[in-house]
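**Student:** Take a look at the following structure, please.
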Amino acid sequence: MGAHPDRLTIALQKNGRLAASSLELMREAGLQTMKSANDLFYRVENYPIDILRVRDDDIPTLVRDGVADLGIVGRNVLAEQQDRAGPGAEPIMALGFGHCVLKIAVPEGQPYEGPVALNGKRIATSHPNVLMRFLAERKVEADVVTMQGAVEVAPRLKLAHAVCDLVATGATLEANGLRAVETVLESEAVLVRAPHQPPHQLEQLARSIEQRFRGVTASRGAKYVMMNAPKSALDRITRILPGAAAPTVTPLAGRDDMVAVHAVCQESVFWETLERLKAAGASAILVLPIEKMM
Ligand code: PRT
Ligand code: ZN
């Protein structure tokens with residue numbers, strides 16, 4: 001049960017890289033969020049839901065302890081906190097934003113011939129637990145220095161020989177003369193759930209919100225593709241359609257040799273795909289965005 005017994009509580013990052021996309025997901029799932037006088041909460045107008053706005057690092061604990069029923073947090077933060085006693089917040093679905101990779105990087109020009117090169121070195125990181133697990137699995141003995149921010153400057157300050165930091169575009173590593181040498185963890189934002197059962201009247205709402213998030217996440221990038229095609233080319237065309245399950249095939253009035261093909265494609269549909277469909281005999285090809293999916 002969340003902070004309020006008859007309202008569902010969802011913990012989101014207040015400010016930072018996940019904040020805007022998390023709120024956008026709420027909106028796309030049909031939740032109308034409203035700022036309240038209290039800076040800690042947003043109120044959802046059309047459902048008994050409160051949005052708790054906190055630092056991302058606090059989200060796993062708030063969800064584990066049942067202060068929030070659901071939360072959105074980076075997989076990296078969950079992994080970093082996973083060693084804490086007892087069952088933690090459970091990840092239940094990847095949300096498709098906040099992508100980044102936790103990487104080990106060394107100064108450009110410094111030779112690196114695999115994890116053994118890190119033996120006896122100092123590595124600065126904001127993810128000491130994840131890094132120590134990674135090193136232990138490879139039997140590397142290194143000195144891990146924890147830093148909260150600006151990890152990438154540690155080698156220049158002679159504070160460390162290497163860093164283990166989150167990388168998105170790679171621009172920060174490059175600007176600091178560092179080169180990525182190991183991938184420690186791939187991360188994106190995930191929806192987490194408390195390890196306990198919420199009370200019955202809220203459980204149904206929680207499941208319905210999860211369903212909607214799944215729908216929003218699945219429909220992103222998905223396209224509805226329609227075309228006319230010769231019956232004889234149906235197999236070939238189905239193989240070309242990216243990430244489509246069984247397409248719907250319907251007869252075309254007055255044409256025995258042709259059918260209409262409709263399919264939901266889970267992946268991006270590129271111009272090259274359309275050209276291949278056309279070459280396979282398809283005509284009148286339409287690609288439409290999908291707004292909602294369940
Ligand atoms: O205040 P609060 O504690 O809530 O926020 P925070 O400062 O701890 O986190 P924030 O908002 O920076 O990041 C929140 C989450 O976003 C992280 O836990 C990751 O899951 C995810 N994320 C995605 C990132 C990045 N991309 C990212 N690029 N988190 C951090 N970075 C930093 C990285 O640490 C490095 O300094 O961006 C820099 C590298 O970026 P590139 O693009 O130059 O490679
Ligand atoms: Zn944080």
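**Student:** Within a Cβ distance under 13 Å of ASP69, other residues only, what is the Lys/Arg minus Asp/Glu net charge?
**Tutor:** Neighbour charge sum, excluding ASP69 itself: -2.
**Student:** Separate question: What's the local net charge at VAL269, with K and R +1, D and E -1, over the other residues with C-beta under 12 Å away?
**Tutor:** -1
**Student:** Write down the Kirkwood hydrodynamic radius of the range 127-207, to one decimal in angstroms, obtained as one divided by the mean of 1/r over all alpha carbon pairs.
**Tutor:** About 15.7 Å for the range 127-207.
**Student:** Also, I was wondering about something else. Applying the Karplus parametrisation 6.51 cos²θ - 1.76 cosθ + 1.60 with θ = phi - 60° to the phi angles of the range 56-65, what ³J(HN,Hα) value in whole Hz is obtained for each residue in order, glycine and proline being reported as x?
**Tutor:** For the range 56-65, the Karplus curve yields 4, 5, 8, 5, x, 5, 4, 6, 4, 7 Hz.
**Student:** Between GLY281, MET132, ALA253, whose Cα lies farthest towards the positive end of the dipole of the chain when Lys and Arg beta carbons carry +1 and Asp and Glu beta carbons carry -1, centred on the Cα centre?
**Tutor:** Towards the positive end, the residue furthest out is ALA253.
**Student:** Excluding ligands and nucleic acids, what accessible area in Å² is computed for LEU40 using a 1.4 Å probe, to the nearest 10?
**Tutor:** Spelled out: LEU40, probe radius 1.4 Å, area about 80 Å².
**Student:** Considering only protein heavy atoms and a probe of 1.4 Å, how much of the accessible area of the range 100-231 is carbon and sulfur, as a whole percent?
**Tutor:** 51 percent
**Student:** Would you mind checking which residues have amide H under 5 Å from ILE290's amide H? H placed 1.01 Å from N; only 5 or more apart, or other chain.
**Tutor:** TYR224
**Student:** Using only Cα atoms, find the angle between the long axis of helix 128-137 and the longest principal axis of the chain, and express it within 0 to 90 degrees, rounded to the nearest 10.
**Tutor:** Result, in degrees: 80.
**Student:** Also, I was wondering about something else. So what are the three principal axis dimensions of the chain from its Cα atoms, in whole Å, longest to shortest?
**Tutor:** Rounded to whole Å, the extents work out to 77, 56, 32 Å.
**Student:** So, for the chain, what is the accessible surface per residue at a probe of 1.4 Å, expressed in square angstrom?
**Tutor:** Value for the chain: 53 Å² per residue.
**Student:** Gap in Å between the Cα centre of the range 38-110 and the Cα centre of the range 183-242?
**Tutor:** If we compute the Cα centre of each part, the gap is 20 Å.
**Student:** Within the chain, how many Lys pairs sit with Cα atoms under 16 Å apart, leaving out pairs fewer than 8 places apart on the same chain?
**Tutor:** Lysine pairs meeting the criterion: 6.
**Student:** Now, a different point. Using +1 at the Cβ of each Lys and Arg and -1 at the Cβ of each Asp and Glu in the chain, identify which of LEU159, SER21, ALA117 lies farthest towards the dipole's positive end.
**Tutor:** Ranked along the dipole, the leading option is SER21.
**Student:** Which ³J(HN,Hα) values in Hz, rounded to whole numbers, follow from the phi angles of the range 12-25 under the Karplus curve 6.51 cos²θ - 1.76 cosθ + 1.60, where θ = phi - 60° and Gly and Pro get x?
**Tutor:** 10, 5, 6, 9, x, 5, 9, 4, 5, 5, 5, 5, 4, 4
**Student:** If you restrict to DSSP beta bridges whose two residues both lie in the range 1-149, what percentage is antiparallel, to the nearest 5?
**Tutor:** So the antiparallel bridges in the range 1-149 amount to around 35 percent.
**Student:** Starting from the Cα of LYS231, step 7 Å along the direction of its Cβ; do the same at ASP143; then give the gap between the two resulting points in nm.
**Tutor:** Modelled inter-label distance: 7.7 nm.
**Student:** From the phi of every residue in the range 233-249, what ³J(HN,Hα) in whole Hz does the Karplus formula 6.51 cos²θ - 1.76 cosθ + 1.60 yield, where θ is phi - 60° and glycine or proline is x?
**Tutor:** 9, 4, 4, 5, 5, 4, 5, 6, 5, x, x, 9, 7, 3, x, 8, 10
**Student:** Rounded to the nearest 5, what % of the DSSP beta bridges within the range 1-89 are antiparallel ones?
**Tutor:** Of those bridges, close to 45 percent are antiparallel.
**Student:** In terms of the Cα gyration tensor, with a ≥ b ≥ c the square roots of its eigenvalues, is the range 160-294 rounded because a/c is under 1.5, prolate because a/b exceeds b/c, or oblate?
**Tutor:** oblate
**Student:** Now for a different question. I want the antiparallel fraction of DSSP beta bridges within the chain, as a percent rounded to 5.
**Tutor:** So the antiparallel bridges in the chain amount to around 75 percent.
**Student:** Skipping prolines and chain starts, which residues have an amide H placed within reach, meaning under 5 Å, of the one on ARG17, given they are 5 or more residues away or on another chain?
**Tutor:** Result for ARG17 returns nothing.
**Student:** I've got another one for you. Can you give the local net charge around TYR112? Use residues other than it whose beta-carbon is closer than 9 angstrom to its beta-carbon, Lys and Arg +1, Asp and Glu -1.
**Tutor:** -1
**Student:** Another question, then. Under a 5 Å amide H to amide H cut-off, with H placed in plane at 1.01 Å, what residues pair with PHE97 once short-range neighbours are removed?
**Tutor:** Amide H neighbours of PHE97, under 5 Å, 5+ apart: ALA189.
**Student:** Another question, then. May I ask for the longest run of the chain untouched by GluC sites (Glu not before Pro) that are loop-located per DSSP and have at most 15 neighbouring C-beta atoms (other than their own) within 10 Å?
**Tutor:** The longest uninterrupted stretch comes out as 142-266.
**Student:** Can you find, among LEU52, HIS99, SER268, the residue sitting farthest towards the positive end of the charge dipole of the chain, where Lys and Arg contribute +1 and Asp and Glu -1 at Cβ?
**Tutor:** The listed residue farthest towards the positive side: SER268.
**Student:** A follow-up question, please. Using a 10 angstrom cutoff on alpha carbons, build the Gaussian network for the chain and name the most mobile of SER219, SER268, SER187.
**Tutor:** Maximum among the listed residues: SER268.
The values are calculated or read from the model by the stated rules, or taken from the named source; none is laboratory data. Quick caveat: nothing in here was measured; it's all calculated off a predicted structure. For neighbour counting, all protein chains shown are included, and Cβ atoms are generated from backbone atoms with ideal geometry for every residue, glycine included. Remember, those area values only see protein heavy atoms, side chains included, never the ligands or the DNA or RNA. Shrake-Rupley method; radii C 1.70, N 1.55, O 1.52, S 1.80 Å.
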